[in-house]
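The next block holds one structure in the form of structure tokens; read it before the comments.
The values are calculated or read from the model by the stated rules, or taken from the named source; none is laboratory data. Just so we're clear, the structure is a prediction, and the values are computed from it rather than from any experiment. Glycine also receives a Cβ, built like all others from the backbone with ideal geometry; neighbour counts cover every protein chain displayed.
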Amino acid sequence: MVAVMLDLTPYTLTLEPMTLAARRTLERGVTRQEFLSVEQAPAVLLAQRAEYPDGIRRASDGSALILCTTSMPQVTPAMIDWWFGWHLPESARYRLWHPTAHVACRVQEDRSRLSDARARYVGNVSYVDEYIGRALARLAIEFKPAASFGFTELDARGATAICARTADRVLRSEGGSLVHLVLPVAGGCEMRSAFWLGQVQSRVPFVGNAVSRLANRPAVRRLIINDRFLLDLFQHCAEEMNHLTRFLPRAYADLSGSE
């Protein structure tokens, strides 16, 4: 059977600048502030915005937390689940998401045949090449069940949460966790994205434990995950999620029923 290539032209849009709210957050820079760990992710992302507003935080141990909120008119949590399952197998689909920073994407297991959107990506691994600022990152993103991050009542809220551990394929080390919590609101949904960075686990044979101990020292964390990278990652998230909002409703309407 010959695979039919989709015409992605209707969803290929020029990237727009960040929203005003995102620009203001970026202008505040990196603040020195303690925060709850990823093991307490629901307490962070379900808290009142005044308690955990958007921002880029650096703790005294050198670890970091990035919070970025995206308003998504006409988007539903179900569309987000569909997107994460649908785009994984093909680089062309991945580049729709951020046309200037996303380079390539492949998936450990192509589960396109599955009808359940979450089953396509949860437990799967996405290998992506993308620019974070000017640096090309080669990442492995291992998607985890939302319940393993403490989100156990999402369906009752009509919500979803994309949860993952991230690793640098070049350095062969895990270095962070991410959550995109998507909650329905009037007229669409709101995504609260969080990145916990700095809990390094090296996978280099024989010396991995020693490398991990060194990398998790506060001074080394601040060197490896420097402030410039944190600012660039916030901007990348703010851009790609706002961009996704612009074409996802149409893509979902056109393509989700034809698989």
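Summary of values
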{"item": "Subset of the stretch 165-179 that is of a type in the set (A, V, I, L, M, F, W, C) and outside any strand (DSSP E or B) - its residue that is nearest to GLU130 (Cα to Cα)", "result": "VAL170"}
{"item": "Of all residues in the stretch 41-75 being in a loop (DSSP other than H, G, I, E, B) and of a type in the set (D, E, K, R), the one that is surrounded by the most Cβ atoms within 10 Å (Cβ to Cβ)", "result": "ASP54"}
{"item": "Residue under evaluation GLY198, criteria (1) farther than 19 Å from GLU142 by Cα; (2) among the small types (Gly, Ala, Ser); (3) touching a residue at least 24 places away in the same chain (Cβ under 8 Å), criterion not met", "result": "(1)"}
{"item": "Qualifying residue in the stretch 228-246 (condition: outside any strand (DSSP E or B), on the phi < 0 side of the Ramachandran plot and over 19 Å from the mean Cα position of the chain (by Cα))", "result": "no"}
{"item": "Odd one out for ALA186 among (1) within 30 Å of TYR252 (Cβ to Cβ); (2) modelled with pLDDT of 95 or more; (3) in contact with a strand residue (DSSP E or B) (Cβ under 9 Å, 6 or more places away or on another chain)", "result": "(3)"}
{"item": "Single condition GLU142 does not satisfy, out of (1) touching a helix residue (DSSP H, G or I) at 6+ places or on another chain (Cβ under 7 Å); (2) under 17 Å from SER193 (Cα atoms); (3) not hydrophobic (A, V, I, L, M, F, W, C)", "result": "(1)"}
{"item": "Subset tally (residues that are basic (Lys, Arg), at pLDDT 95 or above and farther than 18 Å from VAL220 by Cα) for the stretch 17-66", "result": "3"}
{"item": "Exclusive hit being on the phi > 0 side of the Ramachandran plot and touching a helix residue (DSSP H, G or I) at 6+ places or on another chain (Cβ under 8 Å), set GLY85, GLY158", "result": "GLY158"}
{"item": "Which numbered condition GLY257 misses (of (1) loosely packed, with under 14 Cβ neighbours inside 10 Å; (2) in contact with a Lys or Arg (Cβ under 8 Å, 6 or more places away or on another chain); (3) in a helix (DSSP H, G or I); (4) not charged (D, E, K, R))", "result": "(2)"}
{"item": "Residue match in the stretch 28-40 (condition: under 21 Å from GLY187 (Cα atoms) and either surrounded by fewer than 17 Cβ atoms within 10 Å (Cβ to Cβ) or touching a Lys or Arg at 6+ places or on another chain (Cβ under 9 Å) (or both))", "result": "no"}
{"item": "Hits in the stretch 208-227 - residues which are under 22 Å from the mean Cα position of the chain (by Cα) and either surrounded by 15 or more Cβ atoms within 10 Å (Cβ to Cβ) or touching a residue at least 24 places away in the same chain (Cβ under 8 Å) (or both)", "result": "ARG221, ARG222, ILE224, ILE225, ASP227"}
{"item": "THR9 being surrounded by fewer than 19 Cβ atoms within 10 Å (Cβ to Cβ), within 26 Å of PRO184 (Cβ to Cβ) and β-branched (Val, Ile, Thr)", "result": "no"}
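Results for (1) more than 17 Å from the chain's Cα centre (by Cα); (2) under 17 Å from LEU233 (Cβ atoms), shown as yes or no for each residue.
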position	(1), (2)
PHE35	yes, yes
GLN40	yes, no
ARG49	yes, no
PRO77	no, no
